[in-house]
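To start, the structure itself, in structure tokens.
The values are calculated or read from the model by the stated rules, or taken from the named source; none is laboratory data. Values in this document were obtained by computation on a predicted structure and should not be read as measured data. Quick reminder, even Gly has a Cβ in these numbers, built from the backbone with ideal geometry, and neighbours come from all protein chains shown. When the accessible area is computed, the model is the full protein with side chains, heavy atoms only, and any ligands, DNA or RNA have been set aside. Shrake-Rupley method; radii C 1.70, N 1.55, O 1.52, S 1.80 Å.
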Amino acid sequence: MKLRTVLLSVLCVLLILCIPCAVSFGGARTDIAAEPAGDDGDDFGSLFDEEDEETDFGDWFSGIIDLFVSSASAEEAAAPEEDPYFIPVDINVGGKEPNPLCYLYDEDMNIIGYEDASIKVEVQTIYSDGVSWRVAEVWIQSPTQIRTGIAGSKVSGTKSAVPTSIAKKYNAVIAMNGDDYQQQTDAKSFEYRMGIKARSKKNDHRDILIIDENGDLNIFVRSDAAKMKAFSQAGHKPVNAFTFGPALVIDGELQEIPTDYKYNPNRNEPRSAIGQKGPLHYILVVAEGREESNSRGVTVAELADFMFYQMGCEQAYNLDGGNTAEMVINNKMYMDKKNHAERSMYDIIYFATAVDPAEWKD
């Protein structure tokens, strides 16, 4: 509280001193950096940027005040003592170092999972109807253990790297590709990474996935503004958000896949998806494909059926596919492809352990 009071006092003084500047320098400013997720208005729709919206100096200064206030509030709200497995919600912070002794192997030394006090992971390969499905089931103790990582140092950057490198950077126990949003050249997407807003354009043709402060998956078909407003008014905040899709399962209902959705929904392709079965219980899936594997790939409808009927997901969402559909565990590719060359990407979704190495037992 003391820190917040001091910050607010200083900012009030600065605001008074800068009023003349706001009048004199009221021209447009379009190079505002990405901001932490905060209260951008009385409804969620205000988080969408208008096409050619200009931000004046007064708006920018208000954003700076919001930044400090939200940071101070986050400091109070974090309360690590109330969540023994809390990891700071920060794009520059990764998980704790995984304990090598917690990785699990079968008798042939094939990796089958990881387990410690904060996280449990089970991985398996399912061969069915000419398809090789790579599946990971994940249970975590804290919503802060489902995270995103980026190749560079800022969400607006353009640096890319192979997923094993990004996973190692963030101490990921298990990871998969995100939506690779920097490749979306039309920039029509809604993207958050660890509370940082990277982009907030509305796209009436694509579905949005938001992972909120509880670690829950929320899917909005065709960027449904009314449902996103209700999400906001219920007090939820986007921690991570993606624009790819389409939605596969929403609230326990299998979704009909639009025939005209952008990302080749009706062709057999490598695919990846993330799903949720219950509180802090998730499913990661990669369906392999292409000539170098023994798997034919799948349509998006087949992926949806798998997430619903086989995996029992309550929520499920299609992520970037093709050669970007990749899964990593223990900093190694978990794929069937022989001599598979990793594809560089901008971001990953990963799960982290929250057990400090100082607590490892011999």
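Working carefully through the options 311, 345, 333, find the one that is in contact (Cβ under 8 Å) with a residue 60 or more places away in the chain, among the aliphatic types (A, V, I, L, M) and open to solvent by 30 Å² or more (accessible area, probe 1.4 Å).
333
Within region 193-215, which residues are under 28 Å from residue 94 (Cβ atoms) and either open to solvent by 50 Å² or more (accessible area, probe 1.4 Å) or of a type outside the set (D, E, K, R) (or both)?
Within region 193-215, 194, 195, 196, 198, 200, 208, 209, 210, 211, 213, 214, 215 qualify.
In the set 352, 273, 341, which member is among the aliphatic types (A, V, I, L, M) and at pLDDT below 95?
341
What is the one condition in (1) in a loop (DSSP other than H, G, I, E, B); (2) more than 17 Å from residue 283 (Cβ to Cβ); (3) touching a residue at least 12 places away in the same chain (Cβ under 8 Å) that residue 215 does not satisfy?
Only one criterion is unmet by residue 215, namely (2).
Please identify the pairs in which a residue from region 283-295 that is closer than 16 Å to residue 129 by Cα has its Cβ atom under 6 Å from the Cβ atom of a residue that is of a type in the set (Ser, Thr, Tyr) and modelled with pLDDT of 75 or more, counting only partners at least 6 apart or on another chain.
Sorted first by the residue in region 283-295, then by its partner, the pairs are 286/272; 288/132; 288/295; 289/295; 295/132.
Return a yes/no flag: does region 146-162 have any residue that is touching a strand residue (DSSP E or B) at 6+ places or on another chain (Cβ under 6 Å), part of a strand (DSSP E or B) and either open to solvent by 20 Å² or more (accessible area, probe 1.4 Å) or over 22 Å from residue 278 (Cβ atoms) (or both).
Yes, the conditions are met somewhere in region 146-162.
Go through region 110-140 and give me each residue that's open to solvent by 20 Å² or more (accessible area, probe 1.4 Å) and under 23 Å from residue 192 (Cβ atoms). Don't jump to the end; show me each part of the working.
Looking only at region 110-140, we keep the residues that are open to solvent by 20 Å² or more (accessible area, probe 1.4 Å), and these are 110-112, 115-117, 120, 122, 124-130, 134, 137, 139.
Passing the criteria: none in range.
Would it be correct to say that residue 327 is open to solvent by 10 Å² or more (accessible area, probe 1.4 Å), of a type in the set (A, V, I, L, M) and either closer than 28 Å to residue 94 by Cβ or within 17 Å of the chain's Cα centre (by Cα) (or both)? Can you show your working first?
Working: open to solvent by 10 Å² or more (accessible area, probe 1.4 Å): no; of a type in the set (A, V, I, L, M): yes; either closer than 28 Å to residue 94 by Cβ or within 17 Å of the chain's Cα centre (by Cα) (or both): yes.
Spelling it out, it is not the case that residue 327 is open to solvent by 10 Å² or more (accessible area, probe 1.4 Å), of a type in the set (A, V, I, L, M) and either closer than 28 Å to residue 94 by Cβ or within 17 Å of the chain's Cα centre (by Cα) (or both).
Could you please find all residues in region 281-306 being open to solvent by less than 20 Å² (accessible area, probe 1.4 Å), over 16 Å from residue 269 (Cβ atoms) and of a type outside the set (Val, Ile, Thr)?
The answer is 282, 284.
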